[in-house]
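Q: A single structure is presented below for examination.
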Amino acid sequence: MEYAVIDIGSNTIRLCIYKKEEKGFSRLLNTKATAGLAGYRKDEFMTREGIDKACEVLTTFKNTLSIIQVKKLFVFATASLRNIINNKHVIKEIEHNTGFEIDLISGELEAKLGFLGASKANNLENGLLMDIGGGSTELVEYKNGEIKSYTSLALGSLSLYSTFISGLIPNKKEQKLMEEHVNVALKEVSFIKNKNIDTILGIGGSIRTIRKMCNKKYSLKDNKLKYEYLYDLINFTRENKKQTIDLMLKVAPERVHTAIPGMIIANEIARYVHAKYFIVSNFGLREGYLYYKLKGDAYEK
């Protein structure tokens with residue numbers, strides 16, 4: 001029995017197909033398109049070009065689903081549509097043009113479902129879950145395997161790129177401005193203030209890109225990364241522009257413009273809570289959303 005999930009994100013739109021098994025779900029297909037919807041904004045409104053781009057990608061996925069039979073399809077959107085003023089109009093237009101029904105989820109629900117998905121693939125005892133998206137970043141503090149506190153910050157890898165970076169990758173001044181911006185946001189998160197959290201569990205495309213870059217640069221093969229690798233990688237990007245671009249093109253060419261903003265968000269969060277390690281989870285929001293829709297987990301919008 002197969003189920004499909006489409007995640008309309010600020011940077012990418014992704015289609016995943018899962019097979020239901022006795023103890024959970026296995027992922028059969030994971031495909032994405034870089035839409036960059038956060039870049040199609042003017043005065044906090046999504047432009048016509050942005051609507052057309054979303055429809056173009058979703059129509060391609062609809063054609064894929066026409067030849068792959070699934071029991072149920074779920075389509076949801078996060079900060080890509082949540083953080084625009086005209087989201088009701090945009091959702092209505094996309095739904096009309098694609099035939100899909102779109103569920104716009106709140107930042108709070110996004111944080112909870114990211115934790116739910118990660119909990120299905122990781123032994124979560126105590127720590128901080130971090131989900132860096134294109135337009136938002138979710139933080140979840142958990143203790144004894146249960147959510148204690150959570151928040152959604154209105155900053156992400158693509159929104160930082162659009163706001164602070166003039167070229168393909170940031171110069172030193174632009175990196176400094178992004179670091180300051182992230183720190184201002186973190187100071188508003190009361191539940192991580194003056195906390196020492198040894199390990200951060202990361203979900204989402206930005207942290208996976210960091211893992212790929214560290215694995216390539218430092219010849220690693222593990223999902224657990226020492227914080228020192230990220231710290232060194234950021235310093236490397238400041239001093240070696242050409243080599244940085246070469247590295248990003250080898251491991252994540254579709255994220256060449258958002259990789260460094262994502263690194264900066266991850267680095268500032270790690271510094272803020274004095275983290276020593278990152279664990280990168282392959283399961284997260286999309287899997288949590290699927291469990292939520294099919295199993296009725298007790299998370300309210």
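The values are calculated or read from the model by the stated rules, or taken from the named source; none is laboratory data. Since this is a predicted model, take the numbers as computed values, not measurements. Here the Cβ is made from the backbone with ideal geometry for all residues, glycine too, and neighbour counts use every protein chain on show.
Q: Here are G99, G114: which of them is in contact with a Gly (Cβ under 6 Å, 6 or more places away or on another chain) and modelled with pLDDT of 95 or more?
A: Of the residues listed, the single one that is in contact with a Gly (Cβ under 6 Å, 6 or more places away or on another chain) and modelled with pLDDT of 95 or more is G114.
Q: Tell me, which residue of segment 63-103 that is without any contact (Cβ under 8 Å) to a residue 40 or more places away in the chain and assigned to a loop (DSSP other than H, G, I, E, B) is nearest to the chain's Cα centre (by Cα)?
A: Of everything passing the filter in segment 63-103, E101 is nearest to the chain's Cα centre (by Cα).
Q: I would also like to ask the following. Restricting to segment 89-129, count the residues that are within 28 Å of Y272 (Cα to Cα) and aromatic (F, W, Y).
A: Total satisfying the criteria: 1.
Q: Here is a further query. In segment 215-241, which residues are within 21 Å of the chain's Cα centre (by Cα) and assigned to a loop (DSSP other than H, G, I, E, B)?
A: D222, N223 - these are the residues of segment 215-241 that are within 21 Å of the chain's Cα centre (by Cα) and assigned to a loop (DSSP other than H, G, I, E, B).
Q: How many residues does segment 199-214 contain that are modelled with pLDDT of 95 or more and more than 17 Å from the chain's Cα centre (by Cα)?
A: Number satisfying all stated conditions: 1.
Q: So which residues in segment 22-46 are assigned to a loop (DSSP other than H, G, I, E, B) and either in contact with a strand residue (DSSP E or B) (Cβ under 7 Å, 6 or more places away or on another chain) or under 15 Å from F100 (Cβ atoms) (or both)?
A: A35, Y40, listed by residue number.
Q: Can you name the condition, by its number, that S162 falls short on among (1) in a helix (DSSP H, G or I); (2) over 29 Å from K32 (Cα atoms); (3) polar (S, T, N, Q)?
A: Just one mismatch for S162, condition (2).
Q: Condition check: in contact (Cβ under 8 Å) with a residue 40 or more places away in the chain and hydroxyl-bearing (S, T, Y). Does T34 satisfy that?
A: Criteria met by T34.
Q: Does segment 105-114 include one or more residues that are assigned by TED's automatic domain parsing to the domain that holds V184, within 15 Å of the chain's Cα centre (by Cα) and basic (K, R)?
A: Yes, segment 105-114 has at least one match.
Q: If you don't mind, there's one more thing I want to ask. Taking segment 5-16 on its own, how many of its residues are assigned to a strand (DSSP E or B) and in contact with a Ser or Thr (Cβ under 9 Å, 6 or more places away or on another chain)?
A: So the count comes out to 7.
Q: Go through segment 248-266 and report how many residues are touching a strand residue (DSSP E or B) at 6+ places or on another chain (Cβ under 6 Å) and closer than 15 Å to A35 by Cβ.
A: 1
Q: Separate question: When you check I169 against the structure, is it buried (at least 23 other Cβ atoms within 10 Å of the Cβ) and either β-branched (V, I, T) or not in a strand (DSSP E or B) (or both), yes or no?
A: No; evaluated as a whole, the condition is false for this residue.
Q: Out of L220, L225, I need the residue that is buried (at least 17 other Cβ atoms within 10 Å of the Cβ) and touching a Cys at 6+ places or on another chain (Cβ under 7 Å). Which one?
A: Exactly one residue qualifies, and that residue is L225.
Q: Another one. Pick from E287, E254: which is of a type in the set (D, E, K, R), under 19 Å from the mean Cα position of the chain (by Cα) and either buried (at least 21 other Cβ atoms within 10 Å of the Cβ) or at pLDDT 95 or above (or both)?
A: E287
Q: Within segment 74-103, can you find the residues that are buried (at least 17 other Cβ atoms within 10 Å of the Cβ) and of a type in the set (A, V, I, L, M, F, W, C)?
A: F74, V75, F76, A77, A79, L81, I84, V90, I91, I94, F100, I102
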